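Colleague: Before I ask anything, let me first share the structure, which is written out below as structure tokens.
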Amino acid sequence: MEENIMAILETLARSRRLCDKRSVVILMYPPHLKDQVKPGQRLTLYHGSTEKSLQTLVPVNDYAVRHGFAKQRNKMLQPLLFLTASPLTAAAYAIPEIHRTQLRRIPSDQQEKHRSEVMNNIRTSFGSVYVKELQLPRRFSSKPFIVERIVSNELDQIIVATNRAITPQTKLTSLQDAFSQDPRRKKIEQKLKNIQRIVMDSAYTGYRRW
């Protein structure tokens, strides 16, 4: 996760727009996802925070702020980051650092003994994953915000950064909620259902022939 956030911040450093006084939305993505960030597209944004009940997300809440990232020597200006691929990935940022560290440091031979205790601490201290549907303008040069696109081979998903406050539409308040909303989980479940249907159809066809 630390390597991932560094790739994001290094990509974000290429932007010339983040110091703009107007509202800016920066789309960072790998080349193979370019068709998903065209004008008029709708993106689902996920922002994990240890704060449980935020009504408005502002840049000072962001992970990058806590790690001292600043743009063009402006110590007051910080980006607000959103992930788009997985609420479960965003959920990692809703877990206090102390508990993530505890989980990583459990020796392999003691995982069975301590894992349940650490996971219980994670569940009770979990913040929220805030969800926002973003409709990109039909033309990137038009209002209500400026759009900048940055292609990066280092990224594995679309990352959205902005310098404006965002009002979330919903929030996920547990790891289970985040897991249940993860698009990859739904795809896996659908594949399993398709396989099960094929097996059942084959068995039924074989029975009919017999």
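The values are calculated or read from the model by the stated rules, or taken from the named source; none is laboratory data. Bear in mind that the values here come from a model prediction, so they are computed numbers and not experimental data. Positions of Cβ are backbone-derived with ideal geometry, glycine not excepted, and every protein chain shown enters the neighbour counts.
Colleague: Given region 71-178, what helices (runs of 4 or more DSSP H) lie entirely inside it while holding 1 or more residues that are crowded, with 18+ Cβ neighbours inside 10 Å and at pLDDT 85 or above?
Modeller: Details: elements: 87-91, 97-104, 111-125.
The helices (runs of 4 or more DSSP H) meeting that bar are 87-91.
Colleague: Which pairs do you get when a residue that is under 14 Å from residue 82 (Cβ atoms), found in region 36-59, comes within reach of a residue that is charged (D, E, K, R), reach meaning Cβ atoms under 7 angstrom, with the pair 6+ apart or on two chains?
Modeller: Pairs found: 37/149; 42/133; 44/133; 45/132.
Colleague: Within the set of pairs 6+ apart or on separate chains, which have a first residue in region 113-141 that is farther than 16 Å from residue 43 by Cα and in contact (Cβ under 8 Å) with a residue 24 or more places away in the chain, a second that is of a type in the set (Lys, Arg) and assigned to a loop (DSSP other than H, G, I, E, B), and C-beta atoms under 9 Å apart?
Modeller: Correct list of pairs: 126/52; 127/52; 128/52.
Colleague: Looking at region 46-59, can you tell me whether even one residue there is charged (D, E, K, R), at pLDDT 75 or above, in contact with an Asp or Glu (Cβ under 8 Å, 6 or more places away or on another chain) and on the phi < 0 side of the Ramachandran plot?
Modeller: No - not one qualifying residue is present in region 46-59.
Colleague: Looking for something at pLDDT below 85, touching a Leu at 6+ places or on another chain (Cβ under 7 Å) and closer than 18 Å to residue 148 by Cβ - is there at least one such residue anywhere in region 24-44? Before the answer, list the steps.
Modeller: First, the residues of region 24-44 that are at pLDDT below 85: none.
Scanning region 24-44, I find no residue that is at pLDDT below 85, touching a Leu at 6+ places or on another chain (Cβ under 7 Å) and closer than 18 Å to residue 148 by Cβ, so the answer is no.
Colleague: Looking at region 60-70 only, could you name the residues that are of a type in the set (A, V, I, L, M, F, W, C) and at pLDDT below 65?
Modeller: Going through region 60-70, the residues of a type in the set (A, V, I, L, M, F, W, C) turn out to be 60, 64-65, 69-70.
Selection gives 64, 65, 69, 70.
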